[in-house]
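Derivation of every value follows stated rules applied to the coordinates shown; laboratory data play no part. Computed from a predicted model, the values in this text were never measured in an experiment. All Cβ positions, glycine included, derive from the backbone under ideal geometry; neighbour counts span all protein chains shown.
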Amino acid sequence: MLLGNKVSVFGGTGFVGEAVVNELSKAGYEIKVVVRRPERFREFLLYPNTTLHTLDSYDNAEQLSAAVNGADIVVNLTADRSTKTEMVEKSDLTAVNQKIKSAIESAGVKRVLSLSQIGANTDAPNSDWFGVLGEVDNLMHNVVNAKVTILKPGLLIGAEDDTTARFITQLNRIDLLMVAQSNTVVQPLWIKDFAQAVVGVIRKESTFGEKVEFVGKERLTMKQLGELVAELMQKEAIVFPMCRLNANIMSMLGAFAPVASVSKSQLLMLTKDMVSDADFETQFGFAPSSLEWAISTYASPHDIRERYNYYRKEAGRNAKELV
């Protein structure tokens with residue numbers, strides 16, 4: 001399929017979007033990041049070939065149409081819960097995606113990538129997060145005359161994530177870490193590996209019309225992930241489960257909570273195991289970074305990071321991956 005290089009990105013201002021836009025830019029794509037408040041996201045203009053497009057409301061048909069007109073590719077990341085003031089509420093997500101779908105079809109866009117999550121399922125109640133995602137997946141999967149790929153990652157980690165970064169904040173306060181959803185099993189994947197894989201998927205014909213899962217190699221519980229973060233920080237911390245009641249209270253308090261390790265999005269997204277038998281290296285042609293190394297890039301003391309750099313150099317890894 002002949003495909004140009006103009007990309008429109010919805011929901012691109014969060015943890016996932018920043019990494020994806022960065023990789024798109026490095027790959028030479030011409031990117032339009034669609035936002036309500038462009039003045040709040042001027043840092044995106046530092047990426048080569050990247051502009052901001054104003055969409056003050058998804059009900060603004062003229063602005064929405066302009067956001068996708070001329071685009072060869074649309075990357076829909078509206079399911080990301082980390083976009084803060086730009087976030088689409090769960091109750092509005094299906095309606096917003098219906099509007100995006102209609103705009104894409106009217107503009108004749110030929111390639112669509114849409115963010116979901118492992119566990120999304122229309123069999124879940126439509127009030128449940130996984131049920132909402134399942135509805136959105138079905139909408140986007142059926143965009144007329146477009147080659148669509150549904151992106152279904154597990155737990156994505158990195159310096160600004162909503163899990164390990166929170167663990168680090170809490171452990172910097174006190175050597176005591178309470179973990180919500182502590183028994184949920186995950187296969188964490190470094191956000192930079194995910195973003196690189198997403199860009200590779202754009203022209204990969206085997207992914208057209210597919211729902212593709214993205215997970216790392218290691219499988220562990222959220223409690224074990226907390227213990228690993230503490231170990232890499234060289235903290236002799238006590239790590240234990242947080243009960244649902246306390247987790248709800250702390251997440252409601254937000255920035256005022258005495259415990260920093262839990263958030264509303266964790267309680268929303270981590271109620272089910274996020275695991276897959278998919279092999280990342282087979283799917284995308286490169287090995288994902290090890291969990292320990294990925295976390296060390298933002299959690300470990302300086303001397304530990306230097307040690308990881310030495311081992312990666314000895315292994316002949318890409319110099320760009322050094323901490």
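Looking only at residues in segment 180-216 that are basic (Lys, Arg) and assigned to a loop (DSSP other than H, G, I, E, B), which one is farthest from Ser25 (Cα to Cα)? Write out each step before concluding.
Keep residues of segment 180-216 that are basic (Lys, Arg), which gives 192, 203-204, 211.
Within this subset, residues satisfying the condition of being assigned to a loop (DSSP other than H, G, I, E, B) are 203-204.
Numbers: Arg203: 15, Lys204: 18 Å.
Among residues in segment 180-216 that are basic (Lys, Arg) and assigned to a loop (DSSP other than H, G, I, E, B), the one farthest from Ser25 (Cα to Cα) is Lys204.
If you go through segment 231-250 one residue at a time, how many are out of contact with any strand residue (DSSP E or B) (no Cβ under 6 Å at 6 or more places or on another chain), surrounded by 19 or more Cβ atoms within 10 Å (Cβ to Cβ) and more than 24 Å from Ala294 (Cα to Cα)?
Residues in segment 231-250 being out of contact with any strand residue (DSSP E or B) (no Cβ under 6 Å at 6 or more places or on another chain), surrounded by 19 or more Cβ atoms within 10 Å (Cβ to Cβ) and more than 24 Å from Ala294 (Cα to Cα): 2 in total.
Could you grab me the full set of residues in segment 80-107 that are part of a helix (DSSP H, G or I), of a type in the set (A, V, I, L, M) and surrounded by 15 or more Cβ atoms within 10 Å (Cβ to Cβ)?
If the condition is that a residue be part of a helix (DSSP H, G or I), of a type in the set (A, V, I, L, M) and surrounded by 15 or more Cβ atoms within 10 Å (Cβ to Cβ), then Leu93, Val96, Ile100, Ala103, Ile104, Ala107 are the ones that fit.
Which residues, taken from segment 133-156, are hydrophobic (A, V, I, L, M, F, W, C) and touching a strand residue (DSSP E or B) at 6+ places or on another chain (Cβ under 8 Å)?
Val136, Met140, Val143, Ala146, Val148, Ile150, Leu151, Leu155, Leu156
Could you pull out the residue among Val199, Val144, Val109, Val186 that is within 15 Å of the chain's Cα centre (by Cα) and farther than 29 Å from Ala255 by Cβ?
Selected residue: Val199, the only one of Val199, Val144, Val109, Val186 that is within 15 Å of the chain's Cα centre (by Cα) and farther than 29 Å from Ala255 by Cβ.
Quick check: is even one residue across segment 219-232 charged (D, E, K, R) and within 15 Å of Met274 (Cα to Cα)?
Of all residues in segment 219-232, those charged (D, E, K, R) come to 219, 223, 227, 231.
Restricting the remaining residues to those that are within 15 Å of Met274 (Cα to Cα) gives 219, 223.
Checked against the condition, which is being charged (D, E, K, R) and within 15 Å of Met274 (Cα to Cα), segment 219-232 yields at least one hit.
Any residue in segment 168-191 that is at positive phi sitting within a Cβ distance under 6 Å of a residue that is outside any loop (DSSP other than H, G, I, E, B)? List the pairs, counting only those 6 or more apart or interchain.
Gln181/Met222
Does Ser265 satisfy being among the hydroxyl-bearing types (Ser, Thr, Tyr), in contact with a Ser or Thr (Cβ under 9 Å, 6 or more places away or on another chain), closer than 22 Å to Ala165 by Cβ and assigned to a helix (DSSP H, G or I)?
Criteria met by Ser265.
Tell me whether segment 3-25 contains one or more residues that are of a type outside the set (D, E, K, R), more than 25 Å from Glu210 (Cα to Cα) and surrounded by fewer than 17 Cβ atoms within 10 Å (Cβ to Cβ).
The answer is no; no qualifying residue exists.
Out of Leu171, Leu177, I need the residue that is assigned to a strand (DSSP E or B) and over 18 Å from the mean Cα position of the chain (by Cα). Which one?
None of the others qualify; the one that does is Leu177.
Per-residue answers, yes or no, for (1) under 16 Å from Asn97 (Cβ atoms); (2) touching a residue at least 40 places away in the same chain (Cβ under 8 Å); (3) of a type outside the set (Lys, Arg); (4) assigned to a loop (DSSP other than H, G, I, E, B):
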residue: Glu23; (1), (2), (3), (4): no, yes, yes, no
residue: Gly28; (1), (2), (3), (4): no, no, yes, yes
residue: Leu45; (1), (2), (3), (4): no, no, yes, no
residue: Ala67; (1), (2), (3), (4): yes, yes, yes, no
residue: Val74; (1), (2), (3), (4): yes, yes, yes, no
